[in-house]
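Here the structure is laid out as C-alpha cells; the discussion comes afterwards.
The values are calculated or read from the model by the stated rules, or taken from the named source; none is laboratory data. All values derive from a computational prediction rather than experimental measurement. Methodologically, a virtual Cβ is constructed for each residue, glycine included, from the backbone with ideal geometry; neighbour enumeration extends over all protein chains shown.
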Amino acid sequence: MPAVTVDFFKEVCPNPTIIDPSEISSGIWDHTAANVVQAVLDKLERTEDRCVEVKADARPIFDFMCVLVRPRPTPFPPLNQMV
C-alpha cells in the first residue's frame, strides 16, 4: 500500500520529478541492499524537487541482484575457528 493516496499525491504534487530506476542502478557495482539504498538516497539528495515518483513502466529499484548477492570469501578463518 502506498504511503499516501494517489488523489492526495496528485493534489500536492501535480508535476513530480520522475526517477528512472535504471539511472540509479547503473552506477552500482556491488548490488547489495545497502548500496542500492545509498544510491537512492544520493539520487534524492541531487533532486531539487521534493515531489518524486518512480517511473511507472520501469523495473523495480530493488531487483533480484540485491537479494541474491552472496558474501565474498575472505582469506581469514571465522573467529570461532581461531585458536
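Within the set 61, 28, 24, the sole residue that is in contact with a Lys or Arg (Cβ under 6 Å, 6 or more places away or on another chain), surrounded by 13 or more Cβ atoms within 10 Å (Cβ to Cβ) and modelled with pLDDT under 85 turns out to be 24. Evaluating residue 1 against the criteria (1) loosely packed, with under 12 Cβ neighbours inside 10 Å; (2) at pLDDT 90 or above leaves one unmet condition, (2).
Sub-9 Å Cβ pairs linking a first residue in the stretch 26-47 that is within 22 Å of residue 16 (Cα to Cα) to a second residue that is at pLDDT 75 or above and not β-branched (Val, Ile, Thr), at least 6 apart or interchain, are 40/21; 43/23, ordered by first then second residue. Look through the stretch 31-58, keep the residues that are among the basic types (Lys, Arg) and either assigned to a helix (DSSP H, G or I) or touching a Lys or Arg at 6+ places or on another chain (Cβ under 6 Å) (or both), and return whichever of them is surrounded by the fewest Cβ atoms within 10 Å (Cβ to Cβ). Among those residues, the one meeting the criterion is 46.
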